[in-house]
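One structure below.
The values are calculated or read from the model by the stated rules, or taken from the named source; none is laboratory data. Worth saying up front: this structure is predicted, and the values here are computed from it rather than measured. Every residue, glycine among them, receives a Cβ derived from its backbone with ideal geometry; neighbour counts consider all protein chains shown. Heads up: the accessible areas ignore ligands, DNA and RNA and are worked out on the full protein's heavy atoms, side chains in. Shrake-Rupley method; radii C 1.70, N 1.55, O 1.52, S 1.80 Å.
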Amino acid sequence: MLLILWFTVLLLSSRDVFCYRLNETEYARMPPLFHLDQYDRCLSQEDGLYCIMSISLRANQKNELMQMIEKYSADEIIHYNHTYLDHGICVTHRCKSFISNINKGNTKDLQSALERCINEYYEKRYGLSTSISIHYCKKPNEGLDIDIGDWIFGGSLLMLVTINLVATVYDLRLNRKLDKDGRNRTGNQLLLCFSIVRNWKQLICPETRDERFEIFKGINGLRSILTFLMIFAHTMWLMACGYIDNPLDFEKTYDNILYHFIYNGMMLVQTYFLMSGCLLVFSLMLNPETISWGQLPLILFYRWCRLTGSLAVTLGFITTWYRHFGYGPLWDYHVTPIIENCRQYWWSHILFINNYVEGNKGCAIQTWHLAVELQLFVIGLVVLMLTRARGRKLAIFVMFLVGCVGPALHVWIQDYDGVIIMQPEFYRKFQSDMFSNVHIKFHNNIACYAIGMILGLFIYNAQKRRTFEISKNEKLGYITWAVIPLIILWYFSGTVFYKEGEKASMTSRLVYAASHRALLGAGLSYLILSLVFKFEDIVRGFLEWSGWRVPSKLSYAVFLIHVSVVHYLQGTRHQLGHAAFFHVIISHLGVVWASYILALPMHILVEVPITACFKFLLYERNVNAVKKIE
């Protein structure tokens, strides 16, 4: 009830509605926002030249069409900026007479010739003047040479696969006698970490190491569903990032309330932080006597190793062989900048500080979450160790306050909205000050992590004291069914900021920025409590279904891989896409399947063996010491 009341207050205090609309006839008067000439046909000619460029439109103040374009583009919350166009032009076809007498290898001469060509066309067709910015031009038979980096990564990957195959053969030839943990201790344990047979069984078999974690079985379903939704949100890039033939239809999606579940999907990541904080505290509380300051570097190094193996392989592929896997008019527009960014800033990802490095905007963009999660893990671990004697709840509450006050201070000082607005130009340029300065910083995401830590303490104490040993409690079950739609409603709450006109009042922006993560965390906490203590059976049964176990285990590899799949689809596009919900659904299912298929060898050949290898090296003499941080 409180959530509904708060949503209503925000809606009433949001910005006034003023949206400048055009019907389809008026919209068609504007120059097409995106255009691609036929790429393969253009470069089939020996002297073919294909250029990707941005075209800026301008005219005098009395030009009625330009006035309409500027007025429509000013509604930046739900409209693209139509004062500049993104086009792919076959220069040898459209501007042949302008380039016949110039040196096409001379950038200045080519720029001047194309400006005359494009300007002449738009003067005649629309009565508008233009200036152009050439992103790049492609000629026939251009290729990339294999460099030393490609050979090094290829050799390293081949060596890793060979080790897995050798370990598998070695494992099969042993007279295996498995202990209760399903491990073979009769051979070389370090080599057996890389056994494909062993790692495959670990993937498909239920977890049996510690029965005390069975209460969190529903998190497998929660994690799998969140991964599915995360991929769906990122698949929207195929429709939203431009080069589509119907941008008007995409702009209309902002009038459809169902799409706002996607546009407000940035809040999904808070669920991961909450679960991480909860599991960290619960794990440590089970074995508090084994934690000491001397073990802290070892724990942190093991955590780093677990995350870094698959991440390093992903970054290695992106910076080397990925550039050889695709081509097309948009490959250098969507993919090559990411590859170059990774080549420059790969080290920041390995150190998990990429969310604080300026300029690192495109490389494995989704991994900001890994950096934040590891940073929060370090803070949470230190806080727990500092408060072993007293003051633990107070310290966690201070963390919570920092997570609430931090985003509000950004809004107040930098005049941001209460939440990231996923406006069309954000998708088109993928540039947002609020994303860079607020969303990906760990101190602005600490509220849900702190709530998760409190939740972990509560679950541990309640389980220890048997506070919630209740067979059936209908009231708690009804509350669970009420909380789920409230969580969904709260995901829609950011919609109140998607209205053109004056910004929402500073008060409403401050309050929303400070509270929306905390309120979401509160609802999710109750949902997890319902799963752990079995308040009801339907939702819990669905999320505890054994079929979620394998997708959940593969979720980290899928998280790393799926964005590269999306970028590949963007870069290999040879014609304009089409903005339609059905197309997004089909693309999403394709990305999901491709990501899970690629994640399977990543998990079995890289993630599991590297983790097991470091676990064996670091904790060979104290197997129990590692359980609490897994």
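Across the range 282-383, C-alpha contacts under 8 Å between residues 6 or more apart give a mean separation that, scaled by the residue count, equals a relative contact order of 22 percent.
Angle check, please: helix 64-73 long axis (alpha carbons) against the longest principal axis of the chain (alpha carbons), in degrees 0 to 90, nearest 10. Roughly 0 degrees, rounded to the nearest 10. The angle separating the long axis of helix 555-571 from the principal Cα axis of greatest extent in the chain is about 10 degrees.
Using a 1.4 Å probe on the protein heavy atoms, what percent of the accessible area of the range 472-630 belongs to carbon and sulfur?
Details: 4710 of 6750 Å².
Answer for the range 472-630 is 70 percent, counting heavy atoms of protein chains only.
The label point for K252 and the one for R343, both projected 7 Å from the Cα toward the Cβ, are 4.3 nm apart. Across H578, H324, H234, the residue with the most accessible area heads the list, and the full order at a 1.4 Å probe is H578, H324, H234.
Compute the accessible area per residue over the chain, keeping the other protein chains in place, probe 1.4 Å, unit Å².
Working: 29170 Å² over 630 residues.
Heavy-atom SASA per residue in the chain reads 46 Å².
Between the alpha-carbon centres of the range 359-397 and the range 278-310 there is a gap of 12 Å.
Quote the FRET efficiency, to the nearest 0.05, computed for E24 versus V357 with a Förster distance R0 of 35 Å and r equal to the Cβ-Cβ distance.
Values: r = 44 Å, r/R0 = 1.27.
For E24 and V357, the calculated efficiency is 0.20.
Helix 581-602 axis versus longest C-alpha principal axis of the chain: approximately 50°, rounded to the nearest ten.
Note on surface exposure: D417, D433 rank D433, D417 by accessible area, highest first, 1.4 Å probe. Averaged over residues, the count of other Cβ atoms within 10 Å places the peptides 552-563, 386-397, 401-412 in the sequence 552-563, 401-412, 386-397, highest first.
Which whole-number percent is the relative contact order of the chain (Cα, under 8 Å, 6+ apart)?
Working: 846 pairs, mean separation 161.3, N = 630.
That works out to 26 percent.
Quick one: dipole size for the chain, taken about the Cα centre, charges +1 on Lys/Arg Cβ and -1 on Asp/Glu Cβ, in debye to the nearest 20. Could you put the intermediate results ahead of the total?
Numbers: 59 positive and 50 negative charges, 480 e Å.
The dipole magnitude comes to about 2300 debye.
With R₀ set to 30 Å, the beta-carbon distance separating N60 from K429 gives a calculated FRET efficiency near 0.60. Here the Karplus curve 6.51 cos²θ - 1.76 cosθ + 1.60, taken at θ = phi - 60°, turns the phi angles of the range 482-490 into couplings of 7, 5, 4, x, 5, 5, 4, 4, 5 Hz, with x standing for Gly and Pro.
Counting only DSSP beta bridges whose two residues both lie in the chain, roughly 80 percent are antiparallel. Summarising the amide proton neighbourhood of G577: residues at separation of 5 or more, or on other chains, whose placed amide H is nearer than 5 Å comprise I244, D245.
Among L598, L43, G149, which residue has its Cα furthest toward the positive end of the charge dipole of the chain, with +1 on Lys/Arg Cβ and -1 on Asp/Glu Cβ? Value computed over the given set: L598.
Of the accessible area of the range 224-313, with the probe set at 1.4 angstrom, what percent is carbon plus sulfur?
Values: 1960 of 2740 Å².
On the range 224-313, the fraction of accessible area on carbon and sulfur atoms equals 72 percent.
From most to least packed by mean Cβ count within 10 Å, the peptides 269-277, 605-613, 61-69, 138-146 give 269-277, 605-613, 61-69, 138-146. Simple rule: put +1 on each Lys or Arg Cβ and -1 on each Asp or Glu Cβ in the chain, find the dipole, and look at T92, W331, V566; the Cα lying farthest toward the positive end is V566. Put +1 on the Cβ of every Lys and Arg and -1 on every Asp and Glu Cβ in the chain; which of G477, I55, Y243 then has its Cα farthest towards the positive end of the dipole? Of the candidates, G477 comes out farthest on the positive side. Heavy-atom accessible area, probed at 1.4 angstrom with all protein chains present, ranks T227, T25 as T25, T227, highest first.
In this calculation the C-beta distance from S546 to W151 is compared with R0 = 45 Å, giving a FRET efficiency of 0.55. Spin-label pair F581-S131: with each label point 7 Å from Cα along the Cα-Cβ axis, the two points sit 4.2 nm from one another.
Counting only protein heavy atoms and using a 1.4 Å probe, the accessible area of F325 comes to about 120 Å².
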